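Here, each number is a calculation from the coordinates, and none is a lab measurement. Fair warning: this is a prediction, and the values are worked out from it, not measured in the lab. No Cβ is skipped: glycine too gets one built from the backbone with ideal geometry, and neighbour counts run over all protein chains shown.
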Amino acid sequence: MLLSLLVLLLAQAPAMGEIRNQEVPWPVTLGAKSLYRANMIPMVDQVVIVPDVDTYLDELARWSKDGQWPILIEDDHLVSMLVRRLKPDQVIQREAVAPPGPTPMQRLRLIQTRAWGAASGETFEDAMKRNGLESLGLVLTSESATAFPAAAALAVGRGQSIAELDGKFGGGGTILGTSKSEALAKLVQQRCEQTGLSWQSMGDQIDAITVCRNLPSRARMRYPSTARVQAPNVGAEDPLAITDILGRLENGDRFAIVGWINGSTAQSSYMAMCSLFLKPDTALLCNGYPKQGQWLNYALEEADAILKKSGFSTTMLDGRNMRGFRSRSSGGLDDDLILINSKGNRDFFELGQGRGTPDDIPVLSSPAALSMIHSWSLVDPSNAQTVGGRWLEHGVYAYVGSAHEPYLPAFLPASEFVQRLSLLVPFLVAGRWWQDQGPFSGPWRINTLGDPLMTMGPPKLNTRPRIAPTGASDAAARGLNLRTKAEQLMREMATSPDKETLALCLRALNLIGEDELARQMWIFGEQHHVRSEEAAEQVLGPLFRLQDRSAFIEAWRRIKTPTRLQRDMLWQLLGPSLTASTDDDVLMLLEKEVKGPTPSSHIELLAPHLAKRYGSPTVVRLIERASRTASTGQERQKLDGLKQQYSSGR
């Protein structure tokens, strides 16, 4: 089957245009192997929610070649997104298990050997060899890393070697110094060598490495001058993307594509499970570039056509201004693949003549993989006040973006990118120029976040079967069926309504993806005077996705300390719908919620209506108040422009 799949794909290789045909086999083969491996193992039709890493590993220990299923560490926003997209037969919530004696890494190695059918005394590698299989890549992590759950799932789920990557290297938006970068890169190479697999060039046994731990997003590295990208105003000490230095030899030649997963235990488990179990078939394309000059190379019409031919349902969004983007975001984006071209920096992005801030990054209602042609978006993925950080907080699970000023030609045009995807080149692999494919194929500034073996090829090729939960795979024997629990709580509400039961009921309905039922229970709670702040917090997401603005406002008013995600929902639901007839209380509510380090986009939405209703001085006072928390010079400059506009009465 794998051979026939490769023959089919390689027959299409001439359609890859400028991609050099002699380089097609290794990335296509890598993606075909990954998808073939996934299609071999049925997905048991359930999602299991666990409270901690110990329980996560306990559930993961039940995976085998006969079945795997999504396991998520509790996070209501992320869990409900994946559940809504997968629509599993059952959603099971488990209680915490007692911490066992062995360390997490010891348990993981044992889980992996059992999952791949190792006999007594056999290692994972022995079992794979006996079964005629090979490791698809290498996963590197640390026991103390919050991204350890992702490492566990991707090593076990895809059948990859795993090794520890310990050490103190910092994190966040810092830049890893040259000596530490060299030490880290050498350690990665040592771990490759210790697998006993070939790894020193593309097309051998290790072409994909997944790093699951905290690291800085950028690093300084010594390379020969002939290996470095030659670009204006770029020096030997300028930082490079962390993922682009770790899969390279000392001479700068690439030997592997590196995917990086960081974040909380909940976020990392979510990113891994999305990569393992989703079947993407929808795409959103938004081009904010002018239709002239070099920008024409990045137009999205051809990419749209290729995706359609591949079997995707696509939406082309008008990127000439922010209006269409904000309107499309109202209620949440539910596209599997998002392609965006924009100008800007770490804390703003421009579509045509419009400018957005991280507050305009859409709340997702379904998991998404993102390729964003934009400067600096991934300078600090851990910071939600950056463009990339907010995308990740909202639920992006795979991301190709820049960690520094990349220059436009560093990115693949979307048409070439999606052509690669259609040939089963893995998503992150498709996002970089390959060895000797031009001046930006050397060590550079594009970061690749997520699982490097995740493919987004023609949906018809993703044939992974779903099977009913039975026997040892049926998690219902180990936990609480949330659909059954939701039904029980609804019956209790019908006979004896109270605030606690309503909140529990709404949470269960949210987690199993029953938004309309949640809205009806919220209405029922009002009729019986049992609404509460806890219930309001649980129903806010369903009301946002249903775009029930009046009910959303009612729920919002009960929440004393909204989260950033909840505030994003508020503005993205109400902001684009403001009109001349909007009620005063809605305008006043939004006026109070102009907060944070990037308030300009909210003021831009609200100011015309405030000025018309209450006069320009009201807007000027709002801008002056908001300016006190503005984070950067660019943001203050934007606010100064708005102040000047409304001070002149325009």
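Quick notes
- Summed side-chain charge close to THR455 - residues other than THR455 whose Cβ falls under 15 Å, Lys, Arg +1, Asp, Glu -1: +3
- For segment 419-552, the share of alpha carbon pairs falling in successive 5 Å distance bins from zero is 2, 9, 13, 12, 9, 8, 10, 11, 9, 8, 5, 3, 1, 1, 0 percent.
- Local electrostatic count at ALA61 - Lys and Arg +1, Asp and Glu -1, tallied over other residues with Cβ under 13 Å: +3
- Label point 7 Å beyond Cα of THR582 along Cβ direction - residues of segment 536-552 with amide nitrogen under 19 Å: 544-552
- Between the C-alpha center of segment 271-303 and that of segment 538-599 there is a gap of 29 Å.
- Qualifying lysines (Cα of each under 18 Å from Cα of LYS87; at least 8 residues distant if same chain): LYS279, LYS485
- Rg and Dmax of segment 34-106, both derived from C-alpha coordinates alone, stand at 13.2, 37 Å.
- Annotation for THR629 and GLU164: the two label points, set 7 Å from Cα along the Cα-Cβ direction, are 4.3 nm apart.
- Within a straight-line Cα-Cα reach of under 23 Å, LYS180 can be paired with the following lysines, leaving aside sequence neighbours fewer than 8 residues apart in one chain: LYS168.
- For segment 173-266, the Stokes-Einstein estimate of translational diffusion at 25 °C and a viscosity of 0.890 mPa s comes to 175 µm²/s, using the Kirkwood hydrodynamic radius over alpha-carbon pairs.
- Efficiency of FRET from Cβ geometry, LEU408 and HIS528, R₀ 41 Å, rounded to 0.05: 0.10
- Segment 279-430: proportion of alpha-carbon pairs further apart than 19 angstrom, %: 48
- At the listed q of 0.14, 0.16, 0.17, 0.26 Å⁻¹, the Debye profile of segment 271-347, built from one uniform point per Cα, gives log10 I(q)/I(0) equal to -0.54, -0.69, -0.77, -1.26.
- The three principal axes of the Cα atoms in segment 392-454 give end-to-end lengths of 33, 29, 18 Å, sorted in falling order.
- Amide N proximity, segment 432-475 versus LYS279 label position 7 Å along Cα-to-Cβ, cut-off under 18 Å: 454-469
- For LEU639, neighbours were defined as the other residues whose beta-carbon sits under 14 Å from its Cβ, and their charges (Lys and Arg +1, Asp and Glu -1) total +2.
- Between segment 423-501 and segment 127-180, the alpha-carbon centres lie 19 Å apart.
- Partners for LYS309 among aspartates and glutamates (Cα-Cα distance below 16 Å; same-chain residues under 8 apart left out): ASP281, GLU301, GLU416
- Computing FRET efficiency as 1/(1 + (r/R0)^6) for GLN194 and ASP76, where r is the C-beta to C-beta distance and R0 is 41 Å, gives about 0.55.
- In this calculation the C-beta distance from ASP498 to SER647 is compared with R0 = 45 Å, giving a FRET efficiency of 0.25.
- Cα point-scatterer Debye curve for segment 460-523, base-10 log of I(q)/I(0) at q = 0.23 Å⁻¹: -0.91
- Pairs beyond 25 Å (Cα-Cα), from LYS65/LYS460; LYS612/LYS643; LYS343/LYS612: LYS343/LYS612
- Cα convex hull volume per residue for segment 188-227 (Å³): 113
- One decimal place: the segment THR226-TYR614 gains 133.4 nm when fully extended, by the rule 0.36 nm per residue minus the C-alpha distance.
- Computed over the chain, the Cα gyration tensor eigenvalues convert (square root of 5λ each) into semi-axes of 39, 33, 22 Å, ordered from largest to smallest.
- In terms of packing, defined here as the mean over residues of other Cβ atoms within 10 angstrom, the peptides 486-493, 391-398 line up highest first as 391-398, 486-493.
- Only Lys, Arg (+1) and Asp, Glu (-1) charged, at Cβ; the chain dipole about Cα centre in debye: 840
- If the convex hull is drawn through the Cα atoms of segment 579-650, its volume per residue in Å³: 68
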